[in-house]
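The values are calculated or read from the model by the stated rules, or taken from the named source; none is laboratory data. Just so we're clear, the structure is a prediction, and the values are computed from it rather than from any experiment. Glycine gets a Cβ as well: all are built from the backbone with ideal geometry, and neighbour counts include every protein chain shown. Calculation scope for accessible area: heavy atoms of the full protein, side chains included, ligands and nucleic acids excluded. Shrake-Rupley method; radii C 1.70, N 1.55, O 1.52, S 1.80 Å.
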Amino acid sequence: VQLQASGGGLVQAGGSLRLSCAASGSIYSIEGMRWYRQAPGRQRNLIASITSVGGTNYADSVKGRFTISRDNAKITVYLQMNSLNAEDTAVYFCNILVNQGRSYWGQGTLVTVSS
């Protein structure tokens, strides 16, 4: 199973970006999908998750600004990020649980928000 994340880049404060993470390989069941981020010098933190039936959860720091969604047919998870600010600058990682709990990580995509 491989994950390919995309959509990161440089954006001005107040702007928006949409991250995508597509999975490929031998996948017969899809459970949770998550987005994490890691700012320079800090630990990796969970910011958004979506269950197999579409239930979502968000970290307080992104609640109301970010939206996680998924396309099961494409085995892809998205993160729509609005009202970005400098504190959102980080490397964003996708993570999926498939095939009865096996965890896989994407390679990370850098988001830089200029103030």
(request) Would you mind stating whether Ser52 is in contact with an Asp or Glu (Cβ under 8 Å, 6 or more places away or on another chain) and either at pLDDT below 95 or of a type in the set (D, E, K, R) (or both)? (result) yes
(request) Name the residue, out of Gly14, Gly41, Gly54, Gly64, that is open to solvent by 30 Å² or more (accessible area, probe 1.4 Å), in contact (Cβ under 8 Å) with a residue 40 or more places away in the chain and not acidic (Asp, Glu). (result) Gly14
(request) Return the total of residues in the range 1-10 being closer than 15 Å to Asn95 by Cβ, assigned to a strand (DSSP E or B) and open to solvent by 40 Å² or more (accessible area, probe 1.4 Å). (result) 2
(message) If Arg34 meets every condition in (1) loosely packed, with under 13 Cβ neighbours inside 10 Å; (2) under 11 Å from the mean Cα position of the chain (by Cα); (3) charged (D, E, K, R) apart from one, which number is that one?
(response) (1)
(message) Tyr92 - would you say it is under 11 Å from the mean Cα position of the chain (by Cα) and hydroxyl-bearing (Ser, Thr, Tyr)?
(response) yes
